[in-house]
Amino acid sequence: MSAPENWLRPELRDMAPYAVADAAGLIKLDAMENPHPLPPGLKQAWGERLAAVAVNRYPDAAATALKTALRRAMGVPDHAGLLLGNGSDEILQILMLALARPGACMVTPEPGFAMFALIARAVGLRYVGVPLGRDFALDAPAMLAAIKHERPALVVIAQPNNPTGNAFDRDAVAEVVAAAPGAALIDEAYYPFAEDHCLAWLGEFDNLLLMRTVSKLGLAGLRLGLLAGPRDWLDALEPLRLPYNVNTLTQAAGTLAMAHYDAFLAQAGQIVAERERLAAALARAGVIVHPSQANFLLVRVPAGLAPAWHAGLREAGLLVKNLDGGHPQTADCLRITVGLAQENDALLAAWGRL
Ligand SMILES: *Cc1c(COP(=O)(O)O)cnc(C)c1O
């Protein structure tokens, strides 16, 4: 009688946790991390700053210094409110928890970021996926039809999208945001690698929430994400944020990192250059490489070969993500995070031997 299944909420009963592959000993090209270590000029100050942190005290619950530093570095407009999370994953959880009224749903294009569906399910928010169109373009008419039919509490668009890597047409995204009856979230996790950004839209839509993370910028281990948007929306979410969700070390390190924002953007620039080199080399090797505005490439290999090629790369010491067997639109696809030049060379050498 005391077995968990007798007591758990039904939606949790056969839910699997988010799977993280074991990368021990492998070149890690699976998780969209920035492959560069901390910018060298920052190391000493980083050590001194963290050594001075009063870890015996609770963090600043309002994270005032860090918020100021993030606003300044990223150019978040003064009129927008700001909420910080332990990674943007936590912000998604806060937002979906807030919106999961009985019968409420969210609408998002798919294939999309796996956490959208996972968190929606965990908090009891019905998930409605709308297939992307040709070449993974946002199917605006299908999105608008779903919005009209479902009246979702939340519409989510990752711009650029994961796992496809492309950025959607700006006007199509704006049309969808304008049509959302509730909150519209644009997840800009890959903004450091993209040509276009939506931060400037914050004054234009009263339902637009814009989320970013420092994870892809080079600080995945800090666990720090931010949500900017209209103050009435952010004030409404604040009670769900646990008071000390961003720890003292992250606050100190994040504040320092934002004072050196240009060094991180320079690394992102190097990653973009490597992305273009890797994309061209893989295309020459005869596979389909989808256009990317992110720090990874979606590659379509010959039909049926994705599992074998994924395993072959692992044998050669390289970890990439196999998307085959997931969403039908990414059948035969591998997702490759752009690494350092020498890591990308190792990938290309192994690719030639597959
Ligand atoms: C990686 C990723 C995130 C998660 O970021 P964290 O801040 O590390 O939790 C959010 N959204 C998308 C689309 C991502 O790919």
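The values are calculated or read from the model by the stated rules, or taken from the named source; none is laboratory data. Computed from a predicted structure; not experimentally measured. Here Cβ is always computed from backbone atoms with ideal geometry, including for glycine, and neighbour counts include all displayed protein chains. Side chains are part of the model used for accessible areas, which takes the heavy atoms of the whole protein and leaves out ligands, DNA and RNA. Shrake-Rupley method; radii C 1.70, N 1.55, O 1.52, S 1.80 Å.
L66 passes every criterion in (1) under 18 Å from L256 (Cα atoms); (2) away from the ligand (no atom under 16 Å from the Cβ); (3) touching a helix residue (DSSP H, G or I) at 6+ places or on another chain (Cβ under 7 Å) apart from (2).
For segment 99-114, the set of residues classified as open to solvent by less than 20 Å² (accessible area, probe 1.4 Å) and either modelled with pLDDT under 95 or within 12 Å of the ligand (Cβ to nearest atom) (or both) consists of T108, P109, P111, listed by residue number.
Candidates in segment 159-175 are the residues that are away from the ligand (no atom under 16 Å from the Cβ) and within 27 Å of D232 (Cβ to Cβ); of these, the one that is surrounded by the fewest Cβ atoms within 10 Å (Cβ to Cβ) is D171. Filter segment 176-201 down to the residues that are in a helix (DSSP H, G or I) and either without any contact (Cβ under 8 Å) to a residue 12 or more places away in the chain or more than 14 Å from the ligand (Cβ to nearest atom) (or both) and list them by number. Answer for segment 176-201, where residues must be in a helix (DSSP H, G or I) and either without any contact (Cβ under 8 Å) to a residue 12 or more places away in the chain or more than 14 Å from the ligand (Cβ to nearest atom) (or both): V176, V177, A178, A179, L199, A200, W201.
Checking each residue in segment 69-98 for being in contact with a helix residue (DSSP H, G or I) (Cβ under 9 Å, 6 or more places away or on another chain), closer than 19 Å to L219 by Cα, within 12 Å of the ligand (Cβ to nearest atom) and open to solvent by 30 Å² or more (accessible area, probe 1.4 Å) picks out N86, D89. Within segment 19-60, being in a loop (DSSP other than H, G, I, E, B), of a type in the set (A, V, I, L, M, F, W, C), open to solvent by 70 Å² or more (accessible area, probe 1.4 Å) and away from the ligand (no atom under 16 Å from the Cβ) holds for A24, A52, V55. For E204, the criteria (1) more than 10 Å from the ligand (Cβ to nearest atom); (2) of a type in the set (D, E, K, R); (3) in contact (Cβ under 8 Å) with a residue 40 or more places away in the chain hold in every case but one, which is (3). Scanning segment 207-228 for residues that are more than 16 Å from the ligand (Cβ to nearest atom) and surrounded by 20 or more Cβ atoms within 10 Å (Cβ to Cβ) turns up just one, L208.
Among the residues of segment 234-249, none is identified as part of a helix (DSSP H, G or I) and buried (at least 23 other Cβ atoms within 10 Å of the Cβ). Residue count for segment 273-296, restricted to those that are buried (at least 18 other Cβ atoms within 10 Å of the Cβ) and under 13 Å from A194 (Cα atoms): 6.
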